[in-house]
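Written out below as structure tokens is the structure these notes cover.
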Amino acid sequence: METIAGAARLPPGMQAGKMDAADAASRLRLDKRLCRRKVEALKKKRREYEERWRAIRDYQLPYIGEFADTADKSNEARRRDLHIWNGIAWESNQAFAAGIMSGLTPQNRKWFRLSFSEREFKDNTEVSRLLDQRMDILNDVLDKSNFYNAIHCAYLELAFGQAPLAIFQDAEKGVRFVPVTIGTYYLEADADGEIVLFCREVELTARQLADKFGEEALPENIRRELADHNPGIATRHKVYWLVERNPKAEQGRAGRQYMPYVSLYWLDEAQDSEWLYVGGFYEWPVPVARYLVTAGHAYGKGPGWFAEGDAKQLHILEKDKMTLTELTVKPPLQVDAQTDKTGINLIPGGVTVTGPGEKSGVRPIFDVNPNVAGLQEVIGETEEHIKRLYSADLFRMLDAQEREMTAREVIERTQEKMQQLGPVVQRMQFEFLSRIIERVYNILDRAGVFPAPEDEVLAEELAAQEIKIEYISPLAQAQKMSGLVNIEQAIGFTGQLSQFDPSVLDKVDWARTVDEYFNLVGAPASIKRSEEEYEMVQQAKAEQEAQMQQMQQAQAMAQMAAPAAQAAKNATEAANDGNPALQQLLGIGLPGAAMGGGMP
């Protein structure tokens with residue numbers, strides 16, 4: 001059984017009662033005091049990052065994140081962009097998230113496929129078609145769930161360096177995804193840099209707690225909030241969710257206490273013996289996307305880190321531009337003592353009558369010679385630098401080009417994009433997307449969603465083989481594009497050379513070339529014949545060609561025999577007409593010939 005908290009709706013009978021959680025905690029020998037100390041240590045370790053995260057939020061991405069000692073939670077509708085004078089960073093982050101979305105996980109096309117690690121089974125079309133069927137089911141589940149909305153939120157968070165995405169089993173949609181915003185989670189990595197501990201801090205109302213865990217799991221004071229006179233939505237309660245490796249895990253043994261990962265929920269205000277839920281997961285439930293990671297560190301660094309200085313400088317420049325514009329429109333004035341201030345006309349074109357004297361009247365304190373163009377040029381350069389740091393210029397590159405670009409130009413520009421984002425794409429695929437696909441696949445497999453193969457031998461082969469994830473998204477295929485170009489160049493060169501020497505065509509294994517090309521472009525297994533089907537087609541074609549040759553030979557012999565047959569026919573007709581010489585030659589009309597004998 002998996003952790004139920006976080007699911008959209010709990011199936012009947014799945015609520016974890018207070019005694020159930022306490023019993024599971026007892027079996028795992030959990031100590032809440034130790035859990036609290038872990039959280040405090042995680043908070044202390046995260047403080048050095050919080051200052052930077054808040055600066056990124058305040059000066060670049062004001063509507064992302066929730067921090068504990070701010071009004072983010074107490075006043076959700078408050079303005080957060082009071083430090084923002086130029087929104088280019090937010091606009092660039094939108095372009096970055098949309099570009100990563102369309103390049104890595106586009107909803108309108110397949111972006112991954114399943115295959116086997118061993119070449120023998122990879123070329124087995126029958127088994128590959130079975131994997132394609134499972135992949136179609138998996139894609140259908142992702143489409144019907146909130147996956148694409150949730151992962152777009154995660155891509156928006158990636159500017160801070162990392163973005164966790166929790167995955168829960170759901171009774172209605174199969175799976176449910178919960179993006180976790182910056183400032184509400186804590187991470188810890190092992191010596192290899194892999195995330196092994198995740199903790200989330202969230203505030204829920206009594207009604208939300210009852211929906212997630214059931215009323216019987218709540219302390220008495222919170223249950224009182226659910227009385228008829230109190231709807232249970234006024235007060236929020238702090239909840240911690242901690243996931244880490246289970247030191248008591250035993251593979252194949254039933255019971256949540258033996259799962260590979262332990263999942264703990266508790267109220268911050270509850271007693272040490274009280275737990276909201278104690279459960280576990282078969283797979284790591286919170287894959288974390290990271291942009292740039294230093295070896296061994298849990299938290300990453302993203303475009304927001306690199307653009308922080310430029311963003312602050314840009315806001316200063318925008319304030320200077322506004323100040324310069326205001327000084328030009330409304331310059332500071334000096335008024336002599338003889339001029340009545342109430343009689344000054346400051347309307348453009350207005351006239352103010354002053355007394356005699358050279359220094360009398362109203363005049364600017366200093367002359368303003370605005371150089372707005374120069375200031376705007378500096379602002380434009382800073383904006384372009386921020387766009388480059390967010391890779392927004394790369395993702396908008398194709399849109400900015402002429403629509404008449406050739407396919408080769410599109411490929412070359414995509415490869416240029418890939419060269420700059422290659423390391424990020426590799427990390428995202430390895431430690432984020434692969435874990436998402438593996439977890440969703442295993443959830444569906446355990447739920448019996450995938451149809452079982454009718455052939456028992458095929459089922460055994462499928463169970464024994466390791467399934468590999470291959471990415472066929474636009475950015476992933478851009479990495480493979482060099483392989484496609486090599487094949488195309490080799491075939492093109494061979495075709496040109498065959499005009500002088502046709503025998504060079506025999507140097508190419510055409511069937512293997514097609515297999516390699518199909519594999520690189522990620523073509524579905526259903527459009528390619530299996531080796532057996534291919535051999536049957538080739539044999540049928542050979543037999544058909546042999547029959548055609550026989551028919552052509554028979555036709556040629558018949559054509560050759562036709563003149564001789566016609567000549568014999570003509571000779572017989574002439575002999576029957578009374579030609580003695582022909583009759584004697586052919587033995588027609590002679591006495592001996594009629595009796596079957598010869599001349600005496």
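The values are calculated or read from the model by the stated rules, or taken from the named source; none is laboratory data. Quantities reported herein were computed from a predicted structural model and do not represent experimental measurements. Backbone-built Cβ (ideal geometry, glycine too); neighbour counts: all protein chains shown. We work out accessible area using only protein heavy atoms, side chains counted, and drop any ligands, DNA or RNA first. Shrake-Rupley method; radii C 1.70, N 1.55, O 1.52, S 1.80 Å.
Go through the stretch 215-236 residue by residue and tally those that are open to solvent by less than 40 Å² (accessible area, probe 1.4 Å) and outside any helix (DSSP H, G or I). Result for the stretch 215-236: 6. Pairs meeting the criteria (first residue in the stretch 307-330 and in contact (Cβ under 8 Å) with a residue 12 or more places away in the chain, second residue open to solvent by 50 Å² or more (accessible area, probe 1.4 Å) and of a type in the set (Ser, Thr, Tyr), beta carbons under 8 Å, at least 6 apart or on different chains) are 308/59; 311/59; 312/59; 315/59.
Within the stretch 44-53, one or more residues are open to solvent by 60 Å² or more (accessible area, probe 1.4 Å), of a type in the set (Lys, Arg), in a helix (DSSP H, G or I) and over 26 Å from residue 81 (Cα atoms).
Kindly indicate whether any position in the stretch 23-33 is within 25 Å of residue 186 (Cα to Cα) and modelled with pLDDT of 95 or more.
The answer is no; no qualifying residue exists.
Which of the residues belonging to the stretch 128-142 are at pLDDT below 85 and either under 19 Å from residue 173 (Cα atoms) or of a type in the set (Ser, Thr, Tyr) (or both)? Of everything in the stretch 128-142, just one residue is at pLDDT below 85 and either under 19 Å from residue 173 (Cα atoms) or of a type in the set (Ser, Thr, Tyr) (or both), namely 128. The residues of the stretch 237-260 that are within 18 Å of residue 274 (Cα to Cα) and modelled with pLDDT of 90 or more, listed by number, are 237, 238, 239, 240, 241, 242, 243.
Filtering the stretch 407-416 for residues that are closer than 22 Å to residue 157 by Cβ, among the basic types (Lys, Arg) and either open to solvent by 40 Å² or more (accessible area, probe 1.4 Å) or at pLDDT below 65 (or both) leaves an empty set. One residue stands out in the stretch 268-289 among those that are of a type in the set (A, V, I, L, M, F, W, C) and at pLDDT 90 or above: the one that is nearest to the chain's Cα centre (by Cα), namely 289.
Do we have any residue at all in the stretch 155-173 that's open to solvent by less than 50 Å² (accessible area, probe 1.4 Å) and without any contact (Cβ under 8 Å) to a residue 40 or more places away in the chain? No, the stretch 155-173 contains no residue that is open to solvent by less than 50 Å² (accessible area, probe 1.4 Å) and without any contact (Cβ under 8 Å) to a residue 40 or more places away in the chain. Residue count for the stretch 103-127 under the criterion of being touching a Pro at 6+ places or on another chain (Cβ under 9 Å), part of a helix (DSSP H, G or I) and at pLDDT below 90: the result is 2. Please tell me if residue 448 is of a type in the set (Gly, Ala, Ser), at pLDDT 65 or above and open to solvent by less than 40 Å² (accessible area, probe 1.4 Å). Considered against the rule, which asks whether it is of a type in the set (Gly, Ala, Ser), at pLDDT 65 or above and open to solvent by less than 40 Å² (accessible area, probe 1.4 Å), residue 448 comes out as no.
Annotation note: Cβ proximity below 6 Å between a residue of the stretch 15-28 that is closer than 15 Å to residue 270 by Cβ and open to solvent by less than 20 Å² (accessible area, probe 1.4 Å) and a residue that is aromatic (Phe, Trp, Tyr) and modelled with pLDDT of 70 or more (sequence gap 6+ or interchain) occurs for 16/277; 21/275; 21/277; 25/275.
Within the stretch 299-307, identify whether any single residue is at pLDDT 85 or above, open to solvent by less than 40 Å² (accessible area, probe 1.4 Å) and more than 22 Å from residue 83 (Cα to Cα), and answer yes or no. Yes, some residue in the stretch 299-307 is at pLDDT 85 or above, open to solvent by less than 40 Å² (accessible area, probe 1.4 Å) and more than 22 Å from residue 83 (Cα to Cα). Would you confirm whether or not the stretch 202-214 contains a residue that is in contact with a helix residue (DSSP H, G or I) (Cβ under 8 Å, 6 or more places away or on another chain), open to solvent by 30 Å² or more (accessible area, probe 1.4 Å) and free of Cβ contacts under 8 Å to residues at least 24 places away in the same chain? The answer is no, given that none of the residues of the stretch 202-214 is in contact with a helix residue (DSSP H, G or I) (Cβ under 8 Å, 6 or more places away or on another chain), open to solvent by 30 Å² or more (accessible area, probe 1.4 Å) and free of Cβ contacts under 8 Å to residues at least 24 places away in the same chain. Of the residues in the stretch 290-297, none is charged (D, E, K, R), within 30 Å of residue 383 (Cβ to Cβ), at pLDDT below 95 and surrounded by 12 or more Cβ atoms within 10 Å (Cβ to Cβ). Filter the stretch 251-289 down to the residues that are surrounded by fewer than 16 Cβ atoms within 10 Å (Cβ to Cβ) and basic (Lys, Arg) and list them by number. Of everything in the stretch 251-289, just one residue is surrounded by fewer than 16 Cβ atoms within 10 Å (Cβ to Cβ) and basic (Lys, Arg), namely 253.
Residue-wise test of (1) open to solvent by 10 Å² or more (accessible area, probe 1.4 Å); (2) farther than 30 Å from residue 62 by Cα; (3) polar (S, T, N, Q).
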residue: 93; (1), (2), (3): no, no, yes
residue: 102; (1), (2), (3): yes, no, yes
residue: 105; (1), (2), (3): no, no, yes
residue: 113; (1), (2), (3): yes, yes, no
residue: 129; (1), (2), (3): yes, yes, no
residue: 132; (1), (2), (3): yes, yes, no
residue: 136; (1), (2), (3): yes, yes, no
residue: 153; (1), (2), (3): yes, no, no
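When the residues of the stretch 174-192 are filtered to those that are in contact with a strand residue (DSSP E or B) (Cβ under 9 Å, 6 or more places away or on another chain), in contact (Cβ under 8 Å) with a residue 60 or more places away in the chain and of a type in the set (D, E, K, R), the one that is most open to solvent (accessible area, probe 1.4 Å) is 176. Of all residues being modelled with pLDDT of 90 or more and under 20 Å from residue 298 (Cβ atoms) in the stretch 56-84, which is most open to solvent (accessible area, probe 1.4 Å)? Just the residue, please. Top of the filtered list is 66.
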